[in-house]
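> Just dropping this structure here.
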Amino acid sequence: MDFNNRVTIITGGIDSGKTSWCAGKYRLENMDGILSLKVLSCGKRVGYNIERITTGETFAFARTKDFLPKGWNEAYSYGMFSFSREAFEMVSRWFRSFSESIDTVVIDEVGPLELKELGFFRQVKSVLENNEKFKKIYIVVRRGLVEKVCLKFNIKKYSTVTIDNYS
């Protein structure tokens, strides 16, 4: 796919501040998308919430297997995390409801799940296939997975922003 440099990949190591950088830099009037926010308990990461950029609405997304809330409905697990079925359904609704005025999309984050065609795979694919609609697409990808993500989604032209220890 030729995106005419519409795609920007935000990359860096684990806990380098990719999400914080996106949250601080990219809250524009004509933007929507999702941020994956860490959930901490006693200073320890126990999971992630998903936040819709335009509304600030949050939803429990992933939890460590030893920190699952009562009534948790698992879609699947990967590594130490269990992922919420309801969160994936909510994200699908959010993406389907993007207004026509939205021309910039942020997807935080694309990684191992999407490479297995799970997680946000359908949303990423849809946004990239509708590239005429969006002037700018920001995709957060952990360092070490950029090439695999580009191959998986056939992204040939993109710019990169590398984040190291953003706070």
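Each value in this text was obtained by applying a stated rule to the coordinates, not by laboratory testing. Everything quoted here is computed from the prediction, not taken from an experiment. Counting neighbours? That spans all protein chains shown, and the Cβs are built from the backbone with ideal geometry, glycine included.
> Being in a strand (DSSP E or B), among the β-branched types (Val, Ile, Thr) and buried (at least 19 other Cβ atoms within 10 Å of the Cβ), is that true of even one residue in the range 64-81?
No - not one qualifying residue is present in the range 64-81.
> Something else now. Scanning the range 101-129 for residues that are in a loop (DSSP other than H, G, I, E, B) and in contact with a Leu (Cβ under 8 Å, 6 or more places away or on another chain), which turns out farthest from ASN154 (Cα to Cα)?
GLY119
Here is a yes/no grid of residues against (1) of a type in the set (Asp, Glu); (2) surrounded by fewer than 18 Cβ atoms within 10 Å (Cβ to Cβ); (3) more than 16 Å from the chain's Cα centre (by Cα):
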site: LYS125; (1), (2), (3): no, yes, no
site: ASN130; (1), (2), (3): no, yes, yes
site: LYS133; (1), (2), (3): no, yes, yes
site: ILE139; (1), (2), (3): no, no, no
site: LEU145; (1), (2), (3): no, no, no
site: LEU151; (1), (2), (3): no, yes, yes
site: ILE155; (1), (2), (3): no, no, yes
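> Quick test for you: out of VAL141, VAL91, pick the one residue that is part of a helix (DSSP H, G or I), under 22 Å from SER77 (Cα atoms) and in contact (Cβ under 8 Å) with a residue 40 or more places away in the chain.
Being part of a helix (DSSP H, G or I), under 22 Å from SER77 (Cα atoms) and in contact (Cβ under 8 Å) with a residue 40 or more places away in the chain holds for just one of VAL141, VAL91, which is VAL91.
> Can you name the condition, by its number, that THR104 falls short on among (1) touching a residue at least 40 places away in the same chain (Cβ under 8 Å); (2) surrounded by fewer than 16 Cβ atoms within 10 Å (Cβ to Cβ); (3) polar (S, T, N, Q)?
Of (1) touching a residue at least 40 places away in the same chain (Cβ under 8 Å); (2) surrounded by fewer than 16 Cβ atoms within 10 Å (Cβ to Cβ); (3) polar (S, T, N, Q), only one is false for THR104: (2).
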